[in-house]
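Notes follow once the structure below has been shown.
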Amino acid sequence: MSLLTDHVNLSLSDCTDKTIAEYIWVGGSGIDLRSKARTLSGPVSDPSKLPKWNYDGSSTGQASGEDSEVILYPQAIFKDPFRRGNNILVMCDAYTPAGDPIPTNKRCAAAKIFSHPDVVAEEPWYGIEQEYTLLQKDVKWPIGWPVGGFPGPQGPYYCGVGVDKAFGRDIVDSHYKACLYAGISISGINGEWEFQVGPTVGISAGDELWVARYVLERITEIAGVVLSFDPKPIQGDWNGAGAHTNYSTKSMRCDGGYEVIKKAIEKLGARHTQHIAAYGEGNERRLTGRHETADINTFIWGVANRGASIRVGRDTEKAGKGYFEDRRPASNMDPYVVTSMIAETTILWKP
């Protein structure tokens, strides 16, 4: 095994200018990630300088066998924390050979919203709190839980310390450092199996969250642990997994922004049904009105209220400007969909 590790950790820069680019894309389920690598003649830092590439869409549930070619368009580059050196991770979106986005390509529509002059002028910032669950490989049961059994009440585990309260810390910390190495705007972690990405602007929020998910998938692969983004993988008296999305615009961050925030929340309430439909599958198992959630069919907002659909922080209320948190998105949401939909509703939509 040590010989294998030695070869995995080979530094290419000692012997060649060539680099490896790992192309990443969203698979046919809309939540799974796929990737494959290609050799480049030298370092590349601009995605527009990277070649497009194709893959077999019939093997990912994204095309038929009779017309299986799907084209990858490179969109964002990150440093590769696994191969290191000048090697890169490349977030791509997928198109037909004719240049049309395939159905699982949600980035294309999001990019159009974020390029609208009114949205550009508002510089929308996002901070996404990505929750997840780590499962034992063979039994698909959370690590740290007795097999076939349940833990005690969840109070001691939130940001807990100790062998009987904190599980998977090596995975969590490895992911944190790998994201920083990659250039992802990861701003923190919680021991409850959560990481935060942001603040990021516009389409970058989706790019960075997808690559942070990819990095976590790779690390759990190494650790022999199954990663789940299901919003409630195990039914019971405990919190589900969400992707709370913190949001602000330039107008919200300026003096008088609290009134802008309240108007934006009013718009979100008016389109609650449409947002819920786009906020992740299985979310009804999580948004029950219990466990720090509002009922899925009810829209409420409040200051410091973790049982609300939208939470405004005390600091924002006191300052009269700032941001708010949309607590409805599920852990398996598509960040391109959620971030662009919030911008569209609060900036572009006219009731």
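The table for this structure:
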{"quantity": "Unmet criterion (only one of (1) in contact (Cβ under 8 Å) with a residue 60 or more places away in the chain; (2) buried (at least 19 other Cβ atoms within 10 Å of the Cβ); (3) in the same structural domain as SER187 (by the TED database)) for GLU123", "calculated": "(2)"}
{"quantity": "Search result, residues across segment 6-30 that are open to solvent by 50 Å² or more (accessible area, probe 1.4 Å) and under 21 Å from ILE71 (Cα atoms)", "calculated": "SER29"}
{"quantity": "Criterion violated by LEU3 - all others in (1) surrounded by 11 or more Cβ atoms within 10 Å (Cβ to Cβ); (2) free of Cβ contacts under 8 Å to residues at least 12 places away in the same chain; (3) of a type outside the set (S, T, N, Q) satisfied", "calculated": "(1)"}
{"quantity": "Only one of THR104, THR133 that is farther than 25 Å from TRP238 by Cβ and among the hydroxyl-bearing types (Ser, Thr, Tyr)", "calculated": "THR104"}
{"quantity": "Which listed residue, of ASN297, ASN246, is under 30 Å from LYS177 (Cα atoms) and either at pLDDT 95 or above or not assigned by the TED database to the domain that holds ILE128 (or both)", "calculated": "ASN246"}
{"quantity": "Inter-residue pairs, beta-carbon under 8 Å, first within 19 Å of SER45 (Cα to Cα) and in segment 9-26, second of a type in the set (A, V, I, L, M, F, W, C) and open to solvent by 50 Å² or more (accessible area, probe 1.4 Å), 6+ apart", "calculated": "LYS18/LEU12; THR19/LEU12; ILE20/LEU12; TYR23/TRP53"}
{"quantity": "Counted residues, segment 44-99 - those being open to solvent by 30 Å² or more (accessible area, probe 1.4 Å), among the aromatic types (Phe, Trp, Tyr) and closer than 23 Å to GLY28 by Cα", "calculated": "2"}
{"quantity": "Residue count for segment 126-141, restricted to those that are more than 14 Å from LEU209 (Cβ to Cβ) and touching a Ser or Thr at 6+ places or on another chain (Cβ under 6 Å)", "calculated": "2"}
{"quantity": "Identity of the residue in segment 34-43, in contact (Cβ under 8 Å) with a residue 24 or more places away in the chain and open to solvent by 40 Å² or more (accessible area, probe 1.4 Å), that ends up nearest to the chain's Cα centre (by Cα)", "calculated": "ARG34"}
{"quantity": "Out of ARG285, ARG290, ARG327, sole residue that is open to solvent by less than 50 Å² (accessible area, probe 1.4 Å) and either within 17 Å of the chain's Cα centre (by Cα) or more than 29 Å from ALA111 (Cα to Cα) (or both)", "calculated": "ARG327"}
{"quantity": "Residues that are open to solvent by less than 50 Å² (accessible area, probe 1.4 Å) and under 15 Å from TRP238 (Cα atoms), drawn from segment 146-161", "calculated": "GLY149, PRO151, GLY152"}
{"quantity": "Members of segment 293-315 found to be surrounded by 15 or more Cβ atoms within 10 Å (Cβ to Cβ), in contact with a helix residue (DSSP H, G or I) (Cβ under 7 Å, 6 or more places away or on another chain) and β-branched (Val, Ile, Thr), listed by number", "calculated": "ILE296, ILE310, VAL312"}
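The values are calculated or read from the model by the stated rules, or taken from the named source; none is laboratory data. A quick note: this is a predicted structure, and the numbers were derived from the prediction, not measured. Note that each Cβ is placed from the backbone with ideal geometry, even for glycine, and that neighbours are counted across all protein chains shown. Remember, those area values only see protein heavy atoms, side chains included, never the ligands or the DNA or RNA. Shrake-Rupley method; radii C 1.70, N 1.55, O 1.52, S 1.80 Å.
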